[in-house]
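Beneath this line is the structure, given in structure tokens, with notes to follow.
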Amino acid sequence: MADSALPEGVVEVAPRLKLREFTENAVDTIIHFQVLELVDQLYVWIGAGGARMESLHTAMNTKYDNLPVVATHFGDNTSDGAALAQRLSMRLGKVVSVSSSLPPGTPLMQAMAEKRLIEELTQASEDAPEEKADSVF
């Protein structure tokens, strides 16, 4: 849209939403990832064996504790999604929501999924150097 077509006082801005989808083959299972990066927030969905949302956790830093606080919106509050949200929020300094639908009792798969997620986020920030200040890492 050209500036002349905008109403007075309205400024055109570039979208600040990034969506990434990728997969990883881990422990004979395909793990699917969806990452939605907003301005000051990150939403992560990780799943294996079908598209379902079994839990949703949000973590954010507060001035009251060194560890980010975690809220469980639904699902099991002892799941690995809550811990992942907390670690990512601490590392990124952003609000992080995580939905993890990985099979329970699979710590190796969960570790591989977290490693792949970090690699993807790091690679995405390196591919866009002009946006490095706004990127995830």
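We did not get these values from a lab; they are worked out from the coordinates using the rules stated. Remember, it's a predicted structure, so these values are computed and weren't measured experimentally. Note that each Cβ is placed from the backbone with ideal geometry, even for glycine, and that neighbours are counted across all protein chains shown.
Specify the angular offset, from 0 to 90 degrees and rounded to the nearest 10, of the alpha carbon long axis of helix 107-127 from the longest principal axis of the alpha carbons in the chain.
20
Report the gain in length on full extension from GLN34 to THR72: 0.36 nm times residue separation, minus Cα-Cα distance, nm rounded to one decimal. Could the numbers behind the result be given before it?
Values: separation 38, 0.36 × 38 = 13.68 nm, distance 1.93 nm.
Between GLN34 and THR72, full extension yields an extra 11.8 nm.
Show me the ranking of peptides 8-16, 61-69, 79-87, 108-116 by mean Cβ neighbours inside 10 Å, starting with the highest.
Numbers: 8-16: 6.7, 61-69: 11.2, 79-87: 22.2, 108-116: 17.3.
Ranked from most to least packed, the peptides come out as 79-87, 108-116, 61-69, 8-16.
Roughly how tilted is helix 80-92, in degrees to the nearest 10 and between 0 and 90, from the longest Cα axis of the chain?
Here the helix axis deviates by roughly 40 degrees.
For a quick protection proxy, order the peptides 43-55, 93-105 by their average other-Cβ count within 10 Å, most packed first. Kindly include the intermediate steps, with their values, before the conclusion.
Details: 43-55: 15.8, 93-105: 18.6.
Per-residue Cβ counts within 10 Å, averaged per peptide and sorted highest first, yield 93-105, 43-55.
Just to be sure I understand: of the beta bridges DSSP finds with both ends in the chain, what percent are antiparallel, rounded to 5? Let's see the in-between values first.
Values: 24 of 31 bridges.
About 75 percent, rounded to the nearest 5.
Around LYS115, with a cut-off of 14 angstrom between Cβ atoms, what is the net charge of the other residues, counting Lys and Arg +1 and Asp and Glu -1? All intermediate terms of the calculation are to be shown ahead of the outcome.
Numbers: positive: ARG87, ARG91, ARG116; negative: GLU24, ASP80, GLU114, GLU119, GLU120.
Its environment carries a net charge of -2.
Summing Lys, Arg as +1 and Asp, Glu as -1, what charge do residues with Cβ under 9 Å from the Cβ of ARG20 carry, ARG20 excluded? All intermediate terms of the calculation are to be shown ahead of the outcome.
On the way: positive: LYS18; negative: GLU21, GLU37, GLU120.
Computed value for this residue: -2.
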